[in-house]
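> Have a look at the structure that comes next, please.
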Amino acid sequence: MYKENLAKYNLGENLDNLMNLDPRGYGVCRILYDAARKYTKKPLTINAAQKLVDEIKEGDLVYIITGFVLPSHKEAESDGIISSLFLARSLVKAFNAKPVIVCQEENLTAVRNLSFEMGLHLYDSIQNLKKYPISIAVVPFTKDINKADQMAEDLIKQGTPKAVISIEHPGKNQKNIYHNSLGIDCTELEAKTDILFEKLVKMGVLNIAIGDLGNEIGMGTIANQVKQYIPYANLEDPSDNIGAVAKTDNIITATVSDWGCNGLMAAIAYLKKDLDVFHDGAMQKEAMKIAARSGMNDMTGWLLPAIDGFGIDMNVYIVNLMREIVKSTLEHDKKSAVWFEKVEERGYFNDKIREM
């Protein structure tokens, strides 16, 4: 058991470190990760992945909330949507689950085109999703705050999920205002899916949230760190604070939200002992091209195959490195048995892996 827990712990550390590489150098990812890690008390990727492995069974619904409309062109960005479709693929492969993408209308073309890349059948209703294998559904969620509560209730009645995962979707602040990364009010542009997320959390549904700044659903879990250290999180004027209030039980923070989701998928692949659960660099490259051709903006506003300013090469490197880490950990689980025993004798990791 020690060997298994130690391998799992260090795999999580490796994936967490990779998703928080800081090529920009301004340190926001490290600020967020510090708080998220203190909250979770273990590697973020393996924590969330283990919860899914323990909870999700064949045929279970999983809601994936994603999509962020940028004020510059009033179009959706690529971060979040790409990894959400890869996550849907992973959930089907790992559990034969039934993923439901909940997003803005601006994401629908990309969801449709990316689903083909994933090899998944796409339906526009949960009812149809339940009928057919190797499938996902997409549900556009309202931007009208006055309709959001009822829409959330109706969606839950159609099918209560076993898990809800939010990836790079904005959440309202304490004054019910949604902001982009520069503190610009984008309330009218965004689907009010945090209402759905919060309802499911209150119902006790397994919940995971992935973000890279603090204005996303779930980042209310580390609100104090966001308010104190993140730019545009104004402490004196609550209406001007980008920090989202919606909280999550299982938080993942990363330099880029898609990288955080990649880490989650890699961890699931390790726990399921199946590397194919996590996509490879070639698929990542093609998906980024498809997203750009489907109208998804890079963070900079360009309709180019990039995510948050990082082009194809960087994203492919991240994916391939994560895959190699999973592959190597699985192989050395047997090859390096004697080393696990010798490390155990010294006791350094005893406290660190106690809760793994």
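The values are calculated or read from the model by the stated rules, or taken from the named source; none is laboratory data. Treat the numbers as computed from the prediction; the structure is a model and nothing was measured. Every residue, glycine as well, gets a Cβ built from its backbone with ideal geometry; the counts of neighbours run over all protein chains shown.
> From (1) out of contact with any Phe, Trp or Tyr (no Cβ under 7 Å at 6 or more places or on another chain); (2) part of a loop (DSSP other than H, G, I, E, B); (3) under 16 Å from residue 15 (Cα atoms), pick out the condition that doesn't hold for residue 244.
So residue 244 meets the others, but not (3).
> Let me ask another. In the stretch 75-114, what residues are among the hydroxyl-bearing types (Ser, Thr, Tyr) and surrounded by 22 or more Cβ atoms within 10 Å (Cβ to Cβ)?
Selection gives 78, 83, 84, 90.
> Go through the stretch 186-233 and count every residue that is farther than 19 Å from residue 167 by Cα, among the hydroxyl-bearing types (Ser, Thr, Tyr) and assigned to a helix (DSSP H, G or I).
1
> Here's a follow-up. Taking the condition of being over 20 Å from the mean Cα position of the chain (by Cα) and assigned to a loop (DSSP other than H, G, I, E, B), how many residues in the stretch 97-132 meet it?
4
> Please tell me if residue 277 is touching a Ser or Thr at 6+ places or on another chain (Cβ under 7 Å) and surrounded by 17 or more Cβ atoms within 10 Å (Cβ to Cβ).
yes
> Still on this structure, I have one more. Looking only at residues in the stretch 149-172 that are over 22 Å from the mean Cα position of the chain (by Cα) and within 11 Å of residue 195 (Cα to Cα), which one is surrounded by the most Cβ atoms within 10 Å (Cβ to Cβ)? Give the steps one after another, and end with the answer.
We begin by selecting, within the stretch 149-172, every residue over 22 Å from the mean Cα position of the chain (by Cα); these are 149-151, 153-154, 157-158.
Adding the requirement that they be within 11 Å of residue 195 (Cα to Cα) leaves 149-151, 153.
On the way: 149: 14, 150: 11, 151: 20, 153: 12.
Filtering the stretch 149-172 for residues that are over 22 Å from the mean Cα position of the chain (by Cα) and within 11 Å of residue 195 (Cα to Cα), the one surrounded by the most Cβ atoms within 10 Å (Cβ to Cβ) comes out as 151.
> When residue 300 is evaluated against the numbered criteria (1) surrounded by 14 or more Cβ atoms within 10 Å (Cβ to Cβ); (2) in contact with a Gly (Cβ under 8 Å, 6 or more places away or on another chain), which criterion, by number, is the only one it fails?
(1)
> With the requirement that a residue be among the hydroxyl-bearing types (Ser, Thr, Tyr) and free of Cβ contacts under 8 Å to residues at least 60 places away in the same chain, what does the stretch 309-356 give you? Quick ask: steps written out before the conclusion?
Of the residues in the stretch 309-356, the ones among the hydroxyl-bearing types (Ser, Thr, Tyr) are 317, 328-329, 336, 348.
Matches in the stretch 309-356: 317, 328, 336, 348.
> I'd like the full set of residues that are in a loop (DSSP other than H, G, I, E, B) and among the hydrophobic types (A, V, I, L, M, F, W, C), limited to the stretch 19-72.
Hits for the stretch 19-72 are 21, 56, 68.
> Now, a different point. Only one of these conditions is not met by residue 175: (1) surrounded by 21 or more Cβ atoms within 10 Å (Cβ to Cβ); (2) part of a loop (DSSP other than H, G, I, E, B). Which number is it?
(1)
> Among the residues of the stretch 186-212, what is the count of those that are farther than 21 Å from residue 43 by Cβ and either under 18 Å from the mean Cα position of the chain (by Cα) or in contact (Cβ under 8 Å) with a residue 12 or more places away in the chain (or both)?
Total meeting the criteria: 18.
> Same structure, new question: Is it the case that the stretch 24-38 has a residue that's among the aromatic types (Phe, Trp, Tyr) and in contact with a strand residue (DSSP E or B) (Cβ under 7 Å, 6 or more places away or on another chain)?
So far as the stretch 24-38 goes, yes, one or more of its residues are among the aromatic types (Phe, Trp, Tyr) and in contact with a strand residue (DSSP E or B) (Cβ under 7 Å, 6 or more places away or on another chain).
> Which one of the conditions (1) more than 20 Å from residue 305 (Cβ to Cβ); (2) surrounded by fewer than 24 Cβ atoms within 10 Å (Cβ to Cβ); (3) of a type in the set (S, T, N, Q); (4) at pLDDT 95 or above does residue 5 fail to meet, given that it meets all the rest?
(4)
> Could you check the stretch 305-356 and list, in sequence order, the residues that are assigned to a helix (DSSP H, G or I), among the hydrophobic types (A, V, I, L, M, F, W, C) and within 16 Å of residue 282 (Cα to Cα)?
Hits for the stretch 305-356 are 312, 314, 316, 318, 319, 321, 322.
> What number of residues within the stretch 247-274 are outside any loop (DSSP other than H, G, I, E, B), buried (at least 24 other Cβ atoms within 10 Å of the Cβ), in contact with a strand residue (DSSP E or B) (Cβ under 9 Å, 6 or more places away or on another chain) and of a type outside the set (Ser, Thr, Tyr)?
The qualifying residues number 9.
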